[in-house]
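Some notes on the structure that comes next.
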Amino acid sequence: MTMFISTIYLLTLFSSIYGTAATNLHTFSSDSYNQPYRTAYHFQPPKNWINVSSCFLSSDMLNGHVGVFGLADPNGPLRYEGLYHLFYQYNPKGAVWGNIVWAHSVSKDLVNWAPLDPAIFPSQPSDINGCWSGSATLLPGNKPAILYTGINPKNQQVQNLAKPKNLSDPFLREWVKSPKNPLMAPTSANEINSSSFRDPTTAWLGQDGHWRVLVGSKRRTRGMALLYRSKDFSDWIQAKHPLHSTLGSGMWECPDFFPVLKNGQLGVDTSVNDDYVRHVLKASLDDRKHDYYMIGSYNAAKDKFIPDKGFEEFVLRYDYGKYYASKTFFDDGKKRRVLLGWVNESSSVADDIKKGWAIWLHKSGKQLVQWPVEEIEKLRAKPVNLPPQALKGGKLLQINGVTATQADVEISFEVSGELGKAENLKYWTDPQILCSTKGSSLRSGLGPFGLLVFASEGLQEFTSVFFRIFRYQHKYLVLFCSDQSRSSLNKNNDLTTYGTFVDVNPLQEKLSLRTLIDHSVVESFGGEGRGCITARVYPTLAINDKAQIYAFNNGTADVKITRFSAWSMKKAHIL
């Protein structure tokens, strides 16, 4: 669980309403003129503070936003009897952190959602001071079980178990806690830090018939994933050694551990471990407030994770913008792994959103690829397609016919004939720093070129998402940036610029960009999902029908737009 963050989180890509399954539901007006920053197709709770710390891994994920309310860590996402279940950290008593329960919503398609009553709330000594983050596991016979962190009367973090009261209820409305709770707890013997022991993962079943689960922790500055084993999912024994640990990484929140196919985009069950898969270990690093992951192998005999050579430290990230406390689950219906996480606010208003993606291993084996789940495309309407054309240096191309505050835009560029004009990069520089110092207004040979979104008339406000190409050590480097520095005239907002290098060879590949725009969310996928950057912006002028979208090229060399498609997005039905 992410601690002490009063925020609202938006979740997207879930769709289907269950009006008959929930009672006393309240809806909000979709009038964007009254709430210009409220998202239309990202999940958000009805009211009050919500902390969603679990994540989704799937082929698609989006963000959502709600007025002045808060949502955070997504917890225990799963698919059961044809329905997707999302649990999340929530305070039913107010828009501040505290009184944490597991709120519960259901969907048929990860786009439209209906709320149910809270699934888990303080009722035992082991969770009387709060029900924090955790994960769901499907036991044999398709029986769900939830392991979650509770706060006991001593304010210690302990791990608890809950199971559905009625397996014939596809909505899983009621949950029964184990009378043995807590099942895992800090003691003087195990010397576990009682304030740094939380967020159990989805469990996996070993070939020896024992279940394994990880719990995030730390010893001084060494972050780690503590490993526990059980025969019956009730009596858990701590392993002598953690699955993995790294010095200096600090507390590992919301750890996640799952297999991915070496080849192909399909997902596999969390318990799969054979020659056809690699393993991903992810941690939400509390000290950095970003989600990092490693790719490697899992030695089941020794219960150890071995990261690939060169990736022994946390370097790779799911998203290089605002994204934290993610959680994945295996969608057995569509054979994919879905990733869920939250995007916090950039303004003084405590509003955060949640988003969902699909995820798989890139064919290079060096990184994961993320892409919005396919269900989000059901919201597309009024397509706008432009023919291939040159975009000359210093030129803007206004995009008409699209709802600029609620859109899905895909554009591809070709630059292979102009690579001789790429700027030389003399020494390696942090890509975020490079994006900040060389923003969209600073011209070079090849770039910046990309999209201006939430652009006001006269360009007093705009958010730019763009590429810039450098030549470095006889190779080409593609810089991918999301620049919020001019996104709002309100300078009290977070105007951070984000960036990463994208592993694309511009000699052989086109540079693709997909940007999802949702009132205050700018979610961008560069290089077909090899780079992801999410931002929250709050323009004062470029709101509602005053916002515009442009393709732009501020480099001196011409670039070619090889493909352009955009859609206005319909509003998801989220109760």
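Taking all protein chains together and rolling a 1.4 Å probe, residue 110 ends up with roughly 0 Å² accessible. The mean sequence distance of close C-alpha pairs (under 8 Å, at least 6 residues apart), as a share of the length of the chain, puts its relative contact order at 17 percent. Gain on full extension, evaluated as 0.36 nm per residue between residue 166 and residue 269 minus their Cα-Cα distance, stands at 34.7 nm.
Within the shell of other residues whose beta carbon sits under 11 angstrom from the beta carbon of residue 421, the net charge comes to -2, with Lys and Arg scored +1 and Asp and Glu -1.
Whole-Hz Karplus values for region 209-226 come out as x, 9, 7, 10, 8, 10, 10, x, 6, 7, 10, 6, 9, 8, x, 7, 10, 5 Hz, taken residue by residue from phi with 6.51 cos²θ - 1.76 cosθ + 1.60 and θ = phi - 60°; glycine and proline positions read x. When each of the peptides 158-165, 531-538 is scored by how many other beta carbons lie within 10 Å of its residues on average, the order from highest to lowest is 531-538, 158-165. For residue 327, the lysines whose Cα falls under 22 Å of its own Cα, not counting residues fewer than eight places away in the same chain, are 108, 143, 163, 218, 262, 282, 289, 304, 335, 354, 355, 366. Between the C-alpha center of region 530-575 and that of region 397-430 there is a gap of 12 Å. Using just its DSSP H runs of length 4 or more, each adding -39500 (n - 2.57), the chain gives a mean residue ellipticity at 222 nm of -500 deg cm²/dmol after division by all residues. Taking the simple approach of a point 7 Å from Cα along Cα-to-Cβ for both residue 544 and residue 386, what is their distance in nm? Each label point is offset 7 Å from its Cα along the Cβ direction, giving 2.7 nm. If you take all other residues with their beta carbon under 13 Å from the beta carbon of residue 233, and give Lys and Arg +1 and Asp and Glu -1, the sum is +4. Backbone phi angles across region 303-312, fed through the Karplus curve with coefficients 6.51, -1.76 and 1.60 (θ = phi - 60°), yield HN-Hα couplings of 6, 10, 9, 10, x, 4, 4, x, 10, 6 Hz in residue order; Gly and Pro are listed as x.
The local environment of residue 444, defined by Cβ-Cβ distances under 9 Å, has a net charge of +3 under the rule Lys, Arg +1 and Asp, Glu -1.
Between the amide H of residue 549 and those of 399, distances stay under 5 Å, these residues lying 5 or more places away or on another chain, with hydrogens modeled in the peptide plane. Per the Cα gyration tensor, the chain maps to an equivalent ellipsoid with semi-axes of 39, 27, 20 Å, ordered largest to smallest. Oblate is the label for region 192-307, because a/c, from the alpha-carbon gyration tensor with a ≥ b ≥ c as root eigenvalues, is 1.5 or above and a/b does not exceed b/c. The Kirkwood hydrodynamic radius of region 281-350, based on inverse pair distances between different Cα atoms, is 14.1 Å.
Using only the C-alpha atoms, the convex hull of region 153-257 corresponds to 133 Å³ per residue. Using a cut-off of 30 Å between Cα atoms, the listed pairs 93/231; 231/363; 378/510 include 93/231; 231/363 as exceeding that distance.
The protection proxy used here, the mean number of other Cβ atoms lying within 10 Å of each residue, ranks peptides 320-328, 209-217, 510-518 as follows, highest first: 320-328, 510-518, 209-217. Peptides 422-432, 83-93 ranked from most to least packed, by the mean per-residue count of other Cβ atoms within 10 Å: 83-93, 422-432. 7 Å from Cα along Cα→Cβ at both residue 491 and residue 306: what's the point-to-point distance in nm? Each label point is offset 7 Å from its Cα along the Cβ direction, giving 5.5 nm. The alpha-carbon of residue 180 sits under 17 angstrom from the alpha-carbons of these aspartates and glutamates, leaving out residues fewer than 8 places away in its chain: 127, 232, 235. Rg and Dmax, both from the Cα atoms of region 420-575 and both in Å, are 15.6, 54. Available extension along the chain between residue 189 and residue 505 is 108.4 nm, counting 0.36 nm per residue and deducting the alpha carbon span.
Note on residue 433 and residue 377: the extension gain reaches 16.8 nm, defined as 0.36 nm multiplied by sequence separation minus the Cα-Cα distance.
The values are calculated or read from the model by the stated rules, or taken from the named source; none is laboratory data. Keep in mind the model is a prediction, meaning the values are calculated, not measured. Neighbour counts are summed over all protein chains in view; Cβ atoms, including those assigned to glycine, are modelled from backbone coordinates with ideal geometry. Remember, those area values only see protein heavy atoms, side chains included, never the ligands or the DNA or RNA. Shrake-Rupley method; radii C 1.70, N 1.55, O 1.52, S 1.80 Å.
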